[in-house]
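Notes follow once the structure below has been shown.
Values in this text are rule-based calculations from the coordinates and carry no lab data. Treat the numbers as computed from the prediction; the structure is a model and nothing was measured. Here the Cβ positions follow ideal geometry from the backbone for every residue, glycine too, while neighbour counts run over all protein chains shown.
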Amino acid sequence: MTSDRRSWKLGELVARIPAAARILESHRIDYCCGGDRTLEQACQDEQLDPDSILEAIDAAQREEETRQSASSINWLERPLGELCDHIEQTHHAYLKQELPRLTELVAKVVAAHGSEHPELHDVQRLFGALRAELEPHLMKEERILFPAVRMLEQSELSPAFPFGSVANPIGVMEHEHDQAGALLKQLRQATGDYRVPEDGCSAYEALYQELQTLEQDLHQHIHKENNILFPRAKQAESTA
């Protein structure tokens with residue numbers, strides 16, 4: 001299977017395995033304008049080992065599958081600390097990796113197609129606003145809210161927090177979730193439900209696929225917090 005995939009064209013590789021885009025980009029392999037080259041040709045040009053690239057692509061695909069399979073766990077029955085760990089290790093880690101990478105990919109597609117598709121400038125603006133919203137949000141959860149939730153679960157008595165009730169930071173997080181959700185809706189509108197135009201290149205297609213993946217992951221992320229973690233944390237505080 002590995003040797004067969006060496007002969008795939010880069011555009012075909014990314015179309016079949018969207019996770020391949022981040023690996024190719026990390027090695028500066030052009031699958032956009034150079035999408036007609038095979039993986040083997042591209043690796044020869046860049047003096048890279050195609051088997052190593054394919055191994056990295058397989059690992060990226062497995063990470064994606066692992067993230068999707070975690071959605072089947074019944075988090076209502078798992079410890080709160082475990083849920084916090086899962087959110088950090090799965091959704092937060094994904095965003096920390098993908099937000100910077102997608103910023104570069106958006107800029108690349110805008111530079112190549114922005115004159116013919118002015119809506120891409122809206123996509124770039126909205127994605128920038130989403131990133132600016134999410135990055136400090138993750139930090140506040142990891143440094144303030146999640147440690148408090150873990151303390152609630154570990155303490156027999158309700159801990160005294162400097163922010164008062166755990167409901168206070170939760171309220172802030174819920175408000176920021178609403179803002180992120182509104183930006184996701186605007187991104188979907190700006191992209192016409194992520195429809196790639198006929199003249200869109202492989203990078204254009206990869207961008208829209210990755211933005212949809214981001215949207216799906218954020219929906220799962222926010223669901224686990226708003227509908228499971230936050231109500232359970234407030235219940236734990238009230239019964240401590």
Legend entry - Cβ-based charge dipole, segment 77-240, positive-most Cα from Leu120, Gly81, Gln179: Gly81
Inset, instruction - For segment 185-222, run through the trypsin sites (Lys or Arg not before Pro) and keep only the ones in DSSP coil with at most 15 other Cβ atoms within 10 Å of their Cβ. - result: Arg195
Inset, instruction - At 37 °C and 0.692 mPa s, grab the translational diffusion coefficient of the chain from Stokes-Einstein with a Kirkwood Rh over Cα pairs, rounded to a whole number in µm² per second. - result: 167 µm²/s
Legend entry - Within a Gaussian network of the chain (alpha carbon springs, distance under 10 Å), most fluctuating of Leu207, Leu80, Leu157: Leu157
Inset, instruction - Distance check, please: which entries in Lys108/Lys140; Lys185/Lys224; Lys108/Lys224; Lys96/Lys224; Lys140/Lys224 exceed 25 angstrom between their Cα atoms? - result: Lys108/Lys140; Lys108/Lys224
Inset, instruction - Assuming 1.306 mPa s and 10 °C, estimate D for segment 81-144 with Stokes-Einstein, Rh taken as the Kirkwood radius over Cα pairs, in µm²/s. - result: 121 µm²/s
Legend entry - Mean separation of Cα contacts under 8 Å (6+ apart) over length of the chain, as relative contact order %: 26 percent
Legend entry - Neighbour-count ranking [beta-carbon atoms within 10 angstrom, fewest first] of Asp30, Asp85: Asp85, Asp30
Inset, instruction - Would you calculate a helix-derived [θ] at 222 nm for the chain, using -39,500 (n - 2.57) for each DSSP H run of n ≥ 4 and dividing by the full residue count, to the nearest 500? - result: -21500 deg cm²/dmol
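Over the Cα atoms of segment 159-240, compute the convex hull volume and normalise it per residue, giving Å³. Numbers along the way, then the final one.
Working: hull volume 7.3 nm³, N = 82.
Output value, Cα hull per residue: 89 Å³.
Would you kindly state how much longer the chain becomes between Gln179 and Arg195 on full extension, computed as 0.36 nm times their sequence separation minus their alpha carbon distance, in nm to one decimal?
Length gained, Gln179 through Arg195: 3.4 nm.
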